[in-house]
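Please treat every number below as a calculation from the coordinates, not as lab data. Quick caveat: nothing in here was measured; it's all calculated off a predicted structure. Here the Cβ is made from the backbone with ideal geometry for all residues, glycine too, and neighbour counts use every protein chain on show.
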Amino acid sequence: MRLSFSTLDVFTDRRFGGNPLAVVHGAGGLTDDQMQAIAREFNLSETVFVLPAENPAHSARLRIFTPVKELPFAGHPTVGTAALLAENKFGQGRDADALIVLEEGIGTLRVGVRLRADQTPFAEFDAPKIPVEAGTLPPVDVLAAGLGLIPSEIGFENHKPVCYAVGNAFAFVPIASREAIARARVNGSHWAPAFSQQGLVGAYLYTRQCEHTTSSFHVRMFAPDAGVPEDPATGSAAVCFAGVIARFDRLPHGTHRRTIEQGFEMQRPSLVSLVLTIDGQGLEGVRIGGHSVRVSEGTIEV
């Protein structure tokens, strides 16, 4: 069986930045094991398999795999695949606004795509659920050891380590400085008691000290248990991060936009647009968006 595929760089407007994504088209005839094997072959943080939608009014059904397991939902596959399907529908280099409706394991996602002749596509989607707290983390000294840091480098202002989830659960660890976050790593046997034993996808580290003045947070995300030693951009974690921001920054009623920079330590700079809507009850809505650019196309033999 020969299938076509595309690769894109997502959460960037230029090739060889952002988070790489492989999209395999016409994947309806593949088994679960074949999809996992192909994802291992591409060896990217995620590979998407495009299948016919169960609802004919929708654009497509997606299955999303890391090199080691399937995920019910992920951000950069949603953004990149929606932009690709919109370009395939309307043509590259044209002005158009599209609504792409994707069926994923977590549910149905509606993705708005803006196509402009002089820009790379921009896609934005509403989070399928509001992030919720997802358990507790070990003491700060255990977390610090897992990241190769010292306890005093964990936390800033009123921000403390917490877990939040939207389908996937992450540990959110505030880091006091840009210098400390640059030194953080998956620290051998210390990692498991800090993060693996909590059933989390990974650890999302963040600081307010940024590379760009237009960014609100500088982040890194480690997920070795999902086959991703470090991720250049993590949309699903950014959705959960909205819960962290709403909790600790105590935002007033209204709509708030934040730009998250990620992947700089990997030489894959990424920019994730995060929009939070706050009402009288707290966090009411979350949107994630970003640019993507095509990199390659080809066929794969299965």
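Things to note:
- Three semi-axes of the equivalent ellipsoid, the range 173-217, Cα gyration tensor, whole Å, largest first: 25, 12, 7
- Cα coordinate range in the range 62-206, projected on the principal axes (Å, largest first): 53, 31, 29
- All-pairs alpha carbon distance profile, the range 18-74, 5 Å steps from 0, percent: 4, 21, 31, 25, 12, 6, 1
- Cβ charges +1 (Lys, Arg) and -1 (Asp, Glu), total dipole of the chain, debye: 320 debye
- Per-bin percent of Cα-Cα distances, the range 132-290 [5 Å]: 2, 9, 20, 24, 23, 14, 6, 2, 0
- A DSSP coil position with no more than 15 other Cβ atoms inside 10 Å describes the following GluC sites (Glu not before Pro) in the range 111-201: 157.
- The chain: most fluctuating residue of 66, 213, 108 per GNM, C-alpha cutoff 10 Å: 213
- Per-pair calculated FRET efficiency, R0 = 22 Å: residue 136 and residue 183 via Cβ, rounded to 0.05: 0.30
- Semi-axis lengths, Å, the range 84-131, gyration tensor of Cα atoms, sqrt of 5 times eigenvalues: 24, 11, 7
- Taking all Cα pairs closer than 8 Å and separated by 6 or more residues, the relative contact order of the chain comes to 22 percent.
- Once the Cβ-Cβ distance of residue 211 and residue 41 is raised to the sixth power relative to R0 = 30 Å, the FRET efficiency obtained is 0.35.
- For the chain, with +1 on Lys and Arg beta carbons and -1 on Asp and Glu, the positive-most of 288, 127, 76 along the dipole: 288
- Against the chain, whose longest principal axis is taken from its Cα atoms, helix 235-249 shows a tilt of about 30°.
- Taking the Cα centre of the range 132-290 as origin and assigning +1 to Lys and Arg Cβ atoms and -1 to Asp and Glu Cβ atoms, the resulting dipole is close to 180 debye.
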